[in-house]
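Worksheet: one structure, shown below.
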Amino acid sequence: MTSNRGTSTLRSRAASARVGRREWWVSFLLFAALGAGWAIALPLFGSPDEPAHTIRAASVARGEAIGEQIPGKDGGWRAVTVPEVMESANNVGCYAFRSDLSAACLSYEGSDRETKVDTTAGTYFPAYYWVVGLPSLISPQAGGVYLMRLLSALVAAALLACAVSSLRGFPNRRVGAVGLAVSVTPMVLFVNGTVNPSSLEISASIAAWCSALAIAATRADTRIDRAEIIRLVVAFSALGVSRLFAPMWIVGMLVVAGLLGGWTVIRRMSRDRGMQLAAGIIGIATLSQLVWNVIVRPVDTGTSVEVSQYELIRNTIGRSGFFYDSMIGNFGWLNVKAPYIVILIWTAAIGLLLALGLSLPSRRASLALLLTAAATVMLPLVSEYREVPIIGPFWQGRYTLPLAVGVPLIAAWIIGASSIGERLARSRLPLIVGAALFIGHFLSFAQTLRRFSVGYNGSFMYWRAPSWSPPLGALPITLGFGLVLILWSLWLLGPSPEDLEVPVNAAVDSGVDSPVN
C-alpha cells in the first residue's frame, strides 16, 4: 500500500515537472517573440542611450572591463576599443530628436578595424554587456547589432518565463496572471528589444517579485518548492548584477515578502538549507555590484548645477507626469508618446488592482502594498530633488519600473488569497483585462513604428510608402506582433483546469491576516 502511494506520488511529481517545463518553454517563446518584434521594428539605436550601451557591450565582449579616462569628461565617459563602424552609431542625432523625420537618415557604415570610440556607459557594471556583446564578435555591422538586441530579448524572455512559472505558487494563479500582465507594460517590451541593461533589470525584477511572493505564500505544512528556490536564485542574482540601484530593489522586495509572509515564513526560510544556499549566491552577486559601485563610482560627475530651491521643487513636481507616463509608454528617445488611451488603460487596470488590494482587511498585506505604491511615487521625486543640483534632471520612468511592477503583483497576490479572488478567477475579467492590454500594446507598437517609418505626423498607413522600413517590412512586422500578442494574452490570462477549482487559501496557513477569516 505504501509502495503504491509512493509510486503514485513520484508519477504525480514527474507529471507536474513536465507541465512546468512546457509552461516555461511556451512562455519563453511568446515573450521572446514579443521582444524580437520590438528589436526588429526599431531602427538602429532608436532607444535612449543605445549607441553608448552598444559600444560598451562590444568593448566588454572584447575583454575591456573599463575603458580609458577621457580628459575633461567625467561620469561614465570612457574611450573604449571597438570596431570603427560603431563610431557611426553616434550619428543617431539626425533623427532621434526630430520627430518629423523618419529613421532613413542614419548611416551606419565603417570598417571592422578596431579603434578608440567614446561612450557614456564606460563605467557601468560589465555583466550584462559581456553577454549581449558576444554577437558583435561575429559582426559589428548592422546585422550584429540586431543580433545583440535579439540576445538581450532572449535573456529577458527567460526571466519573464520564470515569472510565469512562479505564478503557480501564488494564492490564485489566474489572478496572479492579471497582475503579471499589467506589470508588463509596453515600456517593458520596448526596452527588452533594445541593447540596454534596463531590460535585464526590469525583467529580473518581475521574476524576482513573482518568486519572492510565491515563496511568501507557501503553506506552513509544506516544503518550499526546490524549483521555486532555483527561480529565486536566477532572478535575484540577475537583478543583483544588472544596474546601479539593484541592491536597493532587492532589499525592498525582501522586506515586502517578509511583511506578506509573516514571521512564520521568515523563520522557515532562514532554516531551509536550500534558502540558505540561495541567500549566499544572491549575496555574492549583489556584493559584486556594490563593490564595483564603491570602487568605480560609475555616475560620479564631480560637478554641480546652479538651481534655486524654488526651481528645484517646481521642476521636480512638474516632471511627475513624465515619470508616470514613461513607465507605461514613452518610446524612441523619450519623444514618442504612447496614445493617450494606452495610459488610460494601464491607469484603470492598476487602479482596479490597487483599490481591491487595499480594500481587503489584511493589515500586513495592505501595509506592504501601500508602502510599495508610496515608494513608487516618491522615489523619482526624491531622487530628482537630491541629484538635480549635481547632474541635472535625469530620472526616467524605466528607472522606477523594478519597484513599480511590484504594485500590481502584490495587489494580485492579496486579491488571490481572498474569496473575491476565487470569484474573479472564474469570471471573464482576466480576458477583458487581456483584451484591453492587447489594444494598449498594439497601439504602442504601431505608433512607434509609424513614427520611425514616416515621421510623427506622417500617414497612418505607414507601411504603404515609408521613408524607412524595418527588416521584413512594416506591415508584416505589425501583423506578426499583433498575432503573437493575441496568443500571449490567451496563454497568460485564459483559464486552465486548476483555475476553475476552489483553491486552498494559502494565505491562511502562511500567517497572513486573511480577508476570509
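The values are calculated or read from the model by the stated rules, or taken from the named source; none is laboratory data. Note that the coordinates shown come from a computational prediction; the quantities given were computed from them, not determined experimentally. Every residue, glycine among them, receives a Cβ derived from its backbone with ideal geometry; neighbour counts consider all protein chains shown. In case anyone asks, the SASA skips ligands and DNA or RNA and just uses the protein heavy atoms, side chains included. Shrake-Rupley method; radii C 1.70, N 1.55, O 1.52, S 1.80 Å.
Answer yes or no as to whether S166 is among the small types (G, A, S), closer than 17 Å to F236 by Cα and open to solvent by less than 10 Å² (accessible area, probe 1.4 Å).
Yes, satisfied.
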Residue that is nearest to the chain's Cα centre (by Cα), among those in region 188-236 that are closer than 16 Å to V265 by Cα and among the acidic types (D, E)
E228
Of the residues that sit in region 316-327 and are of a type outside the set (G, A, S) and in a helix (DSSP H, G or I), which one is modelled with the lowest pLDDT?
T316
State which residue is farthest from P135 (Cα to Cα) when the search covers only region 42-56 and only residues that are part of a loop (DSSP other than H, G, I, E, B) and not hydroxyl-bearing (S, T, Y).
P48
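Can you spot a residue in region 59-66 that is over 19 Å from Y124 (Cα atoms) and either at pLDDT below 95 or in contact with an Asp or Glu (Cβ under 7 Å, 6 or more places away or on another chain) (or both)?
Among the residues of region 59-66, not one is over 19 Å from Y124 (Cα atoms) and either at pLDDT below 95 or in contact with an Asp or Glu (Cβ under 7 Å, 6 or more places away or on another chain) (or both), which makes the answer no.
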Given (1) over 18 Å from the mean Cα position of the chain (by Cα); (2) without any contact (Cβ under 8 Å) to a residue 24 or more places away in the chain; (3) closer than 30 Å to N457 by Cβ; (4) assigned to a helix (DSSP H, G or I), F394 misses just (4)
Among the residues of region 424-436, is any closer than 20 Å to T185 by Cβ, touching a residue at least 60 places away in the same chain (Cβ under 8 Å) and within 18 Å of the chain's Cα centre (by Cα)?
no
Are there any helices (runs of 4 or more DSSP H) wholly within region 406-498 with 3 or more residues that are among the hydroxyl-bearing types (S, T, Y) and at pLDDT 95 or above, and if so which?
429-454
From I55, I66, which residue is open to solvent by 20 Å² or more (accessible area, probe 1.4 Å) and touching a strand residue (DSSP E or B) at 6+ places or on another chain (Cβ under 9 Å)?
I66
When S107 is evaluated against the numbered criteria (1) open to solvent by 30 Å² or more (accessible area, probe 1.4 Å); (2) farther than 26 Å from L401 by Cβ; (3) at pLDDT 95 or above, which criterion, by number, is the only one it fails?
(3)
When residues of region 440-464 are limited to those that are charged (D, E, K, R) and closer than 30 Å to I350 by Cβ, the one surrounded by the most Cβ atoms within 10 Å (Cβ to Cβ)
R451
Selected residue (only one of T400, T372, T376 is over 17 Å from F322 (Cα atoms) and not aliphatic (A, V, I, L, M)):
T372
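Results for (1) open to solvent by 70 Å² or more (accessible area, probe 1.4 Å); (2) at pLDDT 90 or above, shown as yes or no for each residue.
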site: V265; (1), (2): no, no
site: M269; (1), (2): no, no
site: I281; (1), (2): yes, yes
site: V299; (1), (2): yes, no
site: G329; (1), (2): no, yes
Starting from residues that are closer than 28 Å to L334 by Cβ and free of Cβ contacts under 8 Å to residues at least 12 places away in the same chain, keep the ones in region 465-497 and report whichever is most open to solvent (accessible area, probe 1.4 Å).
L479
Looking for whichever is modelled with pLDDT of 95 or more and either not basic (K, R) or not in a loop (DSSP other than H, G, I, E, B) (or both) here; the options are I343, I313. Which one fits?
I343
Just checking, how many residues over region 228-258 are farther than 13 Å from L200 by Cβ and open to solvent by less than 40 Å² (accessible area, probe 1.4 Å)?
11
Restricting attention to region 343-381, which residues are under 18 Å from L180 (Cα atoms), polar (S, T, N, Q) and open to solvent by 50 Å² or more (accessible area, probe 1.4 Å)?
T347
In region 201-227, what residues are open to solvent by 20 Å² or more (accessible area, probe 1.4 Å) and either closer than 19 Å to D49 by Cα or in a helix (DSSP H, G or I) (or both)?
R226, A227
